Amino acid sequence: AGSSKSYSTAQKILVERIMAEPGHRYLVVRKVAATLRNSVFQLFKELISDYDLDASFKINKTDMTIEYLYNGSMILFSGLDNIEKLKSIQSISSTWMEEASELDLKDILEINRRIRGDTPGYKQNILTFNPISHLHWLKSHFFDKHRENVSIYKSTYLDNKFIDDEYADELEDLKNYDIQQYNIYALGEWGVTASNIVYHNYKPEVNTSLKTKEDFTVLHVGIDFNIGGCCCVVNGIFGDEAHVIDFFAVYDTDAIISKLIELRNTGKTIVLYPDASGNSGSTNASSSDIQLLREAGFRVVVPPSNGAVRDRVSSVNRRFALKKLFVAAGLDRVSYALQTQAYTKRGEPEKSDDHNGGSV
């Protein structure tokens, strides 16, 4: 943060590419078009104005395009929330992906396919981002293996001689209340270290299971009811070991039941362990969520109340440490969540309302 990476990148594109090389169609993207308009598109407009070049450029605010009138080079802006719009953009000469940590690898691959044919100058993808997680695909894809055609530039606010003292002080002050934020945004280090992780005893190299649903006749399913997102984890028991072998996230109890019936139809015996909140929350006016599960013919084991969060976390960490809890290979989202969920500054596990998954 505050290292001038976005400003410097915009300068490079505007001065060294657009104004110096005719015929460019330079694509600039972010995950969401609205954030692109309010950030990078605005940055280019301000640069053009600061350089007193308004008469040299045609800026289309509706379509978010900027054209240099003297050589026809253009900057096109697109959010990746409409992938079909991106596919319609042809003859791209280079790209800038701002806040690349918001993107998926498939986004990068799709963008890379846009660059083809004869182009002015050299073809280049620029990705700018803060290193938010050491488990992010950006690290494994670009940093953990040597690539001949990749250059990596790391900058912090200390490299920006134009930064104001107040902003620099704010970044330095991060270390006094959130060391994770300080490491990422002030020092530019990859985020998420074991000191702040909830399930700190989970080690993929130790707690990975090769078992699948086919290895168990009885499946034990933990259920967490949420408004708009219910998370379910499927486990198999082998002796005194528990193996997480699948998970799914759906939007209501009816959808849970549909998923569970699919499991039952494979010949499995299903035992459910919902949280106690299901006794009071309801999907409809007449039956609680747990009653709906029972009416669907499932065995349901439910506690009278939920235990303290710290006790449940300690129990899971203990089982990981004793090598009595494992996660099936291939459940990447479960593994990622276990390695990255951190405590908030209030000492509580982080929560997320992003339940856009299905089974892996």
Of (1) touching a residue at least 24 places away in the same chain (Cβ under 8 Å); (2) over 21 Å from GLY79 (Cα atoms); (3) not hydroxyl-bearing (Ser, Thr, Tyr), ASP50 fails just (1)
Among the residues listed as ASP63, ASP81, ASP107, ASP118, the single one being open to solvent by less than 50 Å² (accessible area, probe 1.4 Å) and among the acidic types (Asp, Glu):
ASP107
Mind telling me which of the residues SER140, SER133, SER101, SER94 ends up being under 23 Å from ASN183 (Cβ atoms) and touching a His at 6+ places or on another chain (Cβ under 9 Å)?
SER101
Counted residues in the stretch 20-58 being charged (D, E, K, R), out of contact with any strand residue (DSSP E or B) (no Cβ under 7 Å at 6 or more places or on another chain) and in a helix (DSSP H, G or I) come to 4
Which one is farthest from the chain's Cα centre (by Cα), of the residues in the stretch 234-256 that are farther than 12 Å from GLY222 by Cα, among the acidic types (Asp, Glu) and outside any helix (DSSP H, G or I)?
ASP240
Looking at (1) part of a strand (DSSP E or B); (2) over 30 Å from ALA186 (Cβ atoms); (3) open to solvent by less than 50 Å² (accessible area, probe 1.4 Å), can you tell me which one ARG17 breaks?
(1)
I need every pair where a residue in the stretch 198-209 that is touching a residue at least 24 places away in the same chain (Cβ under 8 Å) and part of a loop (DSSP other than H, G, I, E, B) has its Cβ under 8 Å from the Cβ of a residue that is open to solvent by 50 Å² or more (accessible area, probe 1.4 Å) and of a type in the set (D, E, K, R), sequence separation at least 6 or different chains.
VAL198/GLU350; ASN201/ARG318; VAL206/LYS323; ASN207/LYS323
Please identify the pairs in which a residue from the stretch 66-93 that is under 19 Å from SER39 (Cα atoms) has its Cβ atom under 7 Å from the Cβ atom of a residue that is among the charged types (D, E, K, R) and surrounded by fewer than 14 Cβ atoms within 10 Å (Cβ to Cβ), counting only partners at least 6 apart or on another chain.
GLU67/LYS58; SER78/LYS85
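Report whether or not PHE320 is open to solvent by less than 40 Å² (accessible area, probe 1.4 Å) and part of a strand (DSSP E or B).
Details: open to solvent by less than 40 Å² (accessible area, probe 1.4 Å): yes; part of a strand (DSSP E or B): no.
Spelling it out, it is not the case that PHE320 is open to solvent by less than 40 Å² (accessible area, probe 1.4 Å) and part of a strand (DSSP E or B).
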Looking at TYR70, TYR26 in this structure, which one is modelled with pLDDT of 95 or more and open to solvent by 40 Å² or more (accessible area, probe 1.4 Å)?
TYR70
Need the failing condition index for TYR182 against (1) open to solvent by 60 Å² or more (accessible area, probe 1.4 Å); (2) outside any loop (DSSP other than H, G, I, E, B); (3) aromatic (Phe, Trp, Tyr), just the number.
(1)
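The values are calculated or read from the model by the stated rules, or taken from the named source; none is laboratory data. All of these numbers come straight from a predicted model, not from anything done at the bench. When we count neighbours, we look across all protein chains shown, and the Cβ atoms used for this are built from the backbone with ideal geometry, even at glycine. The protein model used for the area step is the full one, side chains on, heavy atoms only, and it has no ligands, DNA or RNA in it. Shrake-Rupley method; radii C 1.70, N 1.55, O 1.52, S 1.80 Å.
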